1. Beyond a 26 Å Cα-Cα separation, which of these cross-linked pairs lie in this structure: 148/285; 79/254; 46/208; 41/302?
2. Can you work out the PRE-style zone for residue 45? Point 7 Å along Cα to Cβ, and I want the residues of the range 293-307 with backbone N under 18 Å.
3. Mind ranking 46-52, 295-301, 260-266 by how tightly packed they are, going by the mean number of other C-beta atoms within 10 angstrom, highest first?
4. Please list, ordered by chain and number, the residues whose modelled amide H lies under 5 Å from the amide H of residue 200; skip anything fewer than 5 residues away on the same chain.
5. Ordered by residue, what ³J(HN,Hα) values in Hz, to whole numbers, does the range 239-255 give under the Karplus form 6.51 cos²θ - 1.76 cosθ + 1.60, where θ = phi - 60° and Gly and Pro are x?
6. Output the peptides 194-206, 212-224 sorted from most to least packed, where packing is the average of other Cβ atoms within 10 Å over each peptide's residues.
7. Which whole-Hz ³J(HN,Hα) couplings does the range 170-181 yield from phi under the Karplus relation 6.51 cos²θ - 1.76 cosθ + 1.60, θ = phi - 60°, glycine and proline marked x?
8. Calculated FRET efficiency, residue 73 and residue 204, Cβ-Cβ r, R0 35 Å, to nearest 0.05?
Amino acid sequence: LLYFFPPSFFCSDAICNFVICNDSSLHNQPIIFNPDFFVEKLRHEKPEVFTELVVSNITRLIDLPGAELAQLMGEEDPKLPGTNSTASGFFRSLMSLKRKEKGVVFGSPLTEEGIAQVSQLIEYLHKNLRAEGLFRVPGNSIRQQILKDALNSGTDIDLDSGDFHSNDVATLLKMFLGELPEPLLTHKHFHAHLKIADLTLFDEKGNKTSTPDKERQIEALQLLFLILPAPNRSLLKLLLDLLYQTAKKQDKNKMSAHNLALMFAPHILWPRNVTANDLQENITKLNNGVTFMIKHSQKLFKAPAYIRECARLHYLGSRAYTSKDDLDLLATPGSKELQPLRSQKRSRLETCNQEETQQRTEEALKELFRHVHNMPDSAKKKKLIRQFNKHPTALTPGSDVPTSPAPRRTRSRSFSGLIKRKVLGTPVILERKSRDATPEPERVSKENVHLLQKCGSPAHMSQAKLKSLEGQKEESCRRMRAHLLSKDSSSL
């Protein structure tokens, strides 16, 4: 599907995977292919439903007690390490003093305007990834202050002029992240990241091993990133893309994914106003977690397939699914109550086709019966009616068509009976009751099938055939009258 989006839509990171069409006729308005269209639609239009959908799948992967789950949902204030300790209060107060002076960009809450300013630094660093010790070697403090003031004032900066070094820009980027009021991955997600780092594989006996379960970790991070605030998610994607490309050039810059994680974990994941002593038990988990994000950054900003399906069904389907387990249950072969979605659609389609075919067949039979019922009285008509009566009830016409046989004409099997009726006018004895009785319904015989195939529909009983039947009747009557007259004349 192709959708048009205004330029402001890109800043909210509503699109993670996109392809830009360079058609000259659409130069001012790019065409975007968005595979997560329904996911983003649900996130913006019904955030509560979207959050419940994502969190229900997060709790399927990691164990979050009631308090930690409430913190993730934003129902309680996060309880972070070091908040109740007074041992390192001096260092925390010193760090908070550094953040007192807030500018337009630095030290302020994350906004789209701030992301637009900082993206200039990220774009410049993408062109200068070969500098040895990038993000580790500090830049010149004077040049950094000039660059910081320019970003806060919103003035245009020409980073390619040669006035600034890549180390200046890299250090300033870390400074911007460190002065945010809360880490880029937010305080309420802190405990969830600790639990994701503990996801490991199980052995054959069901015991946990020390081998990380990478697939579940990727899936959990995909879900967790979906419920990040839109500005945080946008900047996180830009940052992890930069660090991923930096690690790919580690043969030149000597900065591996782990080295980069040591530089950025305190800025994007550690809670604010805490020290390394507050995180003694978890500091290795946090650093390894950021290393994992850098290595797998190209997979983390895609919504899982079942989230896409749930979001699509929310708008297009008749049933809402709350988690991946529901979709897995639908795919279970032994489930009798819930069948796979495609099988349900296929069965509904087949049922509709069968019902439509049955309805058309019944209507054709009714029309054929009406046509036979309105035919002139003849042996052919009686034979057709008897064959109709032999059909099962399911194939016989409905109650709207009169099914009672037409009154039978009295006639005799001998010429004497005909003479009595013609000359004396005496009533003729009715046919035996056994012949008048309507035969009970039987199963469809070969003769009936042949008749239906021969007759088909009322269209096959043409006017010419009806006229020929009437002509045969008149011819038989004429011959009978001639025979009677000849008999009367010979007797006289």
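1. Working: 148/285 32 Å; 79/254 37 Å; 46/208 38 Å; 41/302 15 Å.
The pairs that break the limit, which is 26 Å between Cα atoms, are 148/285; 79/254; 46/208.
2. The answer is 307.
3. Values: 46-52: 14.4, 295-301: 16.9, 260-266: 20.7.
By packing density, highest mean first, the sequence is 260-266, 295-301, 46-52.
4. Amide H neighbours of residue 200, under 5 Å, 5+ apart: 213.
5. Each residue of the range 239-255 in turn: 5, 5, 4, 5, 5, 5, 5, 5, 5, 5, 9, 5, 5, 9, 8, 6, 10 Hz.
6. Working: 194-206: 13.5, 212-224: 19.4.
In decreasing order of mean packing, 194-206, 212-224 become 212-224, 194-206.
7. Using θ = phi - 60°, the values come out as 5, 5, 5, 5, 5, 5, 4, 5, x, 9, 5, x Hz.
8. On the way: r = 36 Å, r/R0 = 1.03.
So, using R0 = 35 Å, E works out to roughly 0.45.
Rule-based calculations on the coordinates, nothing more; no lab input. Keep in mind that this is a model prediction, so the values were computed, not measured. Ideal geometry is used to build each Cβ from the backbone, glycine not excepted, and the neighbour counts take in all protein chains shown.
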